Each structure stands twice: as structure tokens, then as C-alpha cells.
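Bear in mind that the values in this text are calculations on the coordinates, not laboratory data. What you see is a predicted model; the values in this text were computed from it and never measured. Glycine gets a Cβ as well: all are built from the backbone with ideal geometry, and neighbour counts include every protein chain shown.
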Amino acid sequence: MEIDLFSVFTKSPELVFFIVLGVGYMLGNIRFRGFQVGPAAGVLLAGLCFGHFGLTGPMAFKDLGFILFIYSVGYRAGPRFFSAFKADGLRYLVLCVVIVGSSVAVTILLSRMFDFSPSQRAGLLAGSLTSTPTLVAAQDAVRSGLVTLPEGIDGESVAVNIAISYAITYIFGMVGLIALVRLLPAVLHIDLEKESERYTQEHRLTSDDETVIRRSGWSPIVRAYKVSHEGVIGKSLSDIEFRQRTHCVISLIKRNDETFSPTPDTILQLGDRISVFGFPDHHVTVAELVGDEIVERGLLEIPVENVALTITSARAVGRHLDDLNIDDRYGCIITRITRAAVDIPLNANLTVENGDTLQITGLRSRIDELAEKYGHVERDVQETDLLTFSFGIALGLFIGTISFKVGNLSLGISTAGGLLFSGILVGWLRSLHPNFGRVPPAVRWIFMELGLMLLMAGIGLNAGKGLLAALSSAGLELVLAGLMVTTAPVLIGILVGRFLLGMNLALLLGALTGAMTSTPALNFVTNAAKSSVPGLGYSGTYAFANIMLAIAGTLLMLG
């Protein structure tokens, strides 16, 4: 029995599409000396290989991926987009304008030097910055009719040319940015580890809470103790600085036959039995402070939960984590904070922002009190608000069709811009009204990840057939131009961020990777710094950058 695989692939484009996804993920998992290709680049490479041999897939999959990815980018940015203008937001906004503006300027200059077409110009910017929003915005500007094409040229061929230029420059853009963030500290004699330490000291982020984030794989546990040491009897929890000295919290106190939750003003009495919550190595200090450990089922079998609390209340936004007093007031322990899908330093003096997600462990009843005051907890919720999700996408698609005539010029924000705007709006409203537009974290991840992979697979399959011809005609020029478009904004950003904005260099490098929307580059910076401080910079610029780079993609096709 003989099976002609090429014939099977030709007759089943759906099969080709999913094989490209699988092969792409296999390529993406390849590591070499700390460098990982990543799923997006892997799927793109796989798509280019299959596309080169004339194989294709259902382009409806690519269009669906485009819609899911762009809307999800806006949805994720929504909770922080408007609040990001406060505090340090202006500094991050300026840095984004500098990075995106210089990228566009260098792209235009090099395009004139090498006589690139508008489609090559847009693909050059998108690939050099590994910015998928730039790519889809440029392609959508063509397909939507926003761009007036010369007679005899169809929009689909122009969109394919954009994708080819993007594919040629994408890999070099990703590798080039990672190489830059690895080499710059050495060239500029920057010690990222010391810079991170200096930042934490200047901003009083050096509390012992910092050790919590490093407890990879550890979870808080419950133990019970009997109060017997004279040094704590008759004193309140705040007086003895229980939390500060033990790094644990008291969940319950049993006094005679009465059981209650303590407050910072609760006074310990001789014979009190207490249920204490904390990391295993911290429990040693509890016994030293209050008394011997005991076994009492009522104090050990308490309903402890580990949940994600999303900050949505104005009572929490803009305040230091220590001011919220979550541990003493609610008997809960924060084990991680995520902002814009990036872990950030967990310290008492960290300023809380709208949309921050706090991973919290504690009694269910106390977590409910906490959520009622500061935010929202999705507990055992699997359902997605598909009503809002569907109408949110429909709104974005509708806004993308709107255009205005200015003379002979038709102006609009295209489908990509409409989906971004709608996603930001729904995500922002969701942060104000937690019961609106619910999309559980796992679902958000699959929408964004699957959307991006479907899009990358479609781009690769479309561009693969013309890739070798493009490489032979303008490949070298595109690669050289791409390296310059990747490098120049970083160098300009370093100068502006350091000398004009006065930013800490560890924070600045993180902000630069956010402005260029490169998570792989951020990972190298955080590893070199041995700190999550660069993540603060990344989260500060990421939301602005996605919007600006999408706009840049449209403008480059109009110019």
C-alpha cells in the first residue's frame, strides 16, 4: 500500500494547517545555549516550508486567528490602558513614542535608500520589531480598501508581499533584539543585577516579602500553636509585630470554646490556640515567638484556598501593597503579582495598579471579604461570557468598516484598529464591572495563543511560495535594513530613557522590550538581572506599544 502524502496534503488543506501548527510547536521548543526559537517563530518557519512546496490551508483559519489575536491584545491591555497614563505612565508613553517614531523614521529612510515598495516597507517594520499587530494592520488596510492600489494590482498580492517581507525580517528581528539586550550591558559596562538592586533600594522595595516570589514550587501550610511565652501574653498582634517577625499570618484564634478571626489589635492571652498560615521554614519562628506547636483538628482543617484576585477598586489602585495590609487585616498571604501577563517584584512598597492580578492564599471567608473591597475573584468559573465576547468582536469589526472622506482620501482605522479599540473598551469595562465580559484566564490564553498561531501558520503558507524569489531579489537588502530597524530604536531609546527620562537601566531595558513587544527579549533581561524589576518596565510600555505599532502599520501603507 502506497500513500502519496503530497496528494493527501493537497486535497486536505485543513490537515496541512494543523500539521504546520504541530511542527511549528516542535521547532519552537528547540533550545540552543539558552536561546529558544519560540512557538510563533516555529509556526512561521513551518508554514514557510510547507508553503514553499505549494501547499496551502483554509485561509478562513488565518482570518479567524487574526480576529481572535487582535481583539485579545486589546482585551488584555484594556484594564491598564487608561490608568497607565497616571504616575509613571507619561514617562513610558514618551519612551513608546520615541521607540515607535524612530522605528518608523528609520524604516522610511531605508525604504527610500533601497527603493522598497510600501508593502516591503510595512513588512520590514513589522518583522524587524516582531510586531504582529503592525503586520495585520498593514494587511488589513489593503484588504479593507483603505489603501488605493495602482491599477492592475490586487490587494491579496500586496498583502502576500507584506507577509514575505515580514517573514524575511522576523527571525533576524527576534534574534537581533535578544542579542542587543545581551550585549548592551557588557558594552556599556552595566551590571543589571546591581541596577535592579539599586532600583529596589531607591523605591524601598527591599522588604523580606521579596523572598516570597523566589519560592518556586513552595506553598503556604497551616499549623497550630498554643500561646505560652510571656513575651506575647497581653500584647496585640501589631505590638509584637507578628507578621513582620514570622512572615506568617494568624487565620483563627480559639479561646476557650470561642473561635474568631483576629485583627491587628487582637490581644493574645495565655492558653490561646492559634491557627497559623505560612511557608514551612517560617513556622520555626512562630514556635520561638508564641509557644509550642499542637495538633487540634479544628485549627488544622480549615478551608484554605489559593485564588487569583484581580484589582478593580479605586480603594486599592495607586496605593502601596503594604498600605492595603492584606496579611494582617485579612489573614491572607500574597504569593505572586502579575501585571500585563508578566510577574513583577512582590514587595510591600509596590504601587498597585488597576488590572493587577494577586495570587492569594487564605481562608475562603477572608478572601471573600478582601475581594468585596478591592477587586474580583473568579472561583471555579469555567464559563466565558460569549455574549459579550461575540458582540465585542462584532463591534470591533463594525468600527473597522467606518471611514470618512477627506477630499479624495478615505480615512478610517481599519478592522485591526476597530478590534483593538473594542477589545480595550471591553477589557476596561470588565475591570470596572467584574461580572461583565467574563473570560477566564485559561480561555484568554487559548484565544490569544491559538489566534496568533493560526495567523502565523496562514502567513507562512501564503508567503512560502514567493519567499525564495523575494530573497534573491531584495533579501539581502531587507535583512540589512531589518537589522538597522531593530538596532536604531534600541540605541535611541537607551539615550532618551537614561539621559532625558532618568530611568534606571534595568527598568529601561525591560521597558524597551515592552515597547518592541518582545517577551523572549524580556526573559533574557530578567535572567541577567536576576530580578523581576525589568518586568515593571515591560508592563509600563507594552499596552501603549501594541496600539502605536498597529497604527504605524496602517500609516506606512497610506504613506
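Annotations
- Crossing angle, helix 414-432 versus the chain [Cα axis fit, 0-90 degrees, rounded to tens]: 10 degrees
- Helices in the chain, meaning DSSP H runs of at least 4 residues, each add -39500 (n - 2.57). Divided by all residues, the mean residue ellipticity at 222 nm is -19000 deg cm²/dmol.
- Calculated on the alpha-carbon coordinates, the convex hull of the range 96-170 measures out at 88 cubic angstrom per residue.
- Under a 5 Å amide H cut-off, with hydrogens placed 1.01 Å from N, Leu309 pairs with Leu358, Gln359, Ile360 among residues at least 5 apart or on other chains.
- Rounded to the nearest 0.05, the FRET efficiency derived from the C-beta distance between Gln244 and Asp368 at R0 = 35 Å is 0.85.
- Crossing angle, helix 505-515 versus the chain [Cα axis fit, 0-90 degrees, rounded to tens]: 50 degrees
- Each semi-axis of the equivalent ellipsoid for the range 277-369 is √(5λ) with λ an eigenvalue of the Cα gyration tensor; in descending order they amount to 27, 15, 12 Å.
- On Cα atoms only, tilt of 533-558 relative to the major axis of the chain in degrees: 20 degrees
- Dimensionless Rg/Rh of the range 493-559 - Kirkwood Rh, Rg from C-alpha atoms: 1.06
- Given their separation in residues at 0.36 nm each and the Cα-Cα distance between them, Asn256 and Leu109 gain 44.9 nm when the chain is fully extended.
- With q set to 0.06, 0.08, 0.10 Å⁻¹, the log10 of I(q)/I(0) for the chain, from the Debye formula over equal scatterers at the Cα positions, is -0.36, -0.60, -0.87.
- Modelled FRET efficiency - R0 56 Å, Leu491 with Asn325, Cβ distances, 0.05 increments: 0.80
- For the range 131-185 and the range 491-510, distance of Cα centres in Å: 27 Å
- By the compact-protein rule of thumb, 2.2 N^0.38 Å, the alpha-carbon radius of gyration of the range 437-559 corresponds to a ratio of 1.29.
- Computed from phi, the 3J(HN,Hα) profile of the range 290-298 under the Karplus parametrisation 6.51, -1.76, 1.60 (θ = phi - 60°) reads 10, x, 6, 6, 10, 10, 9, 4, x Hz, with x in place of Gly and Pro.
- Evaluated at q = 0.14, 0.15 Å⁻¹, the base-10 log of the normalised Debye intensity for the range 373-528, with identical point scatterers placed on the Cα atoms, takes the values -1.17, -1.23.
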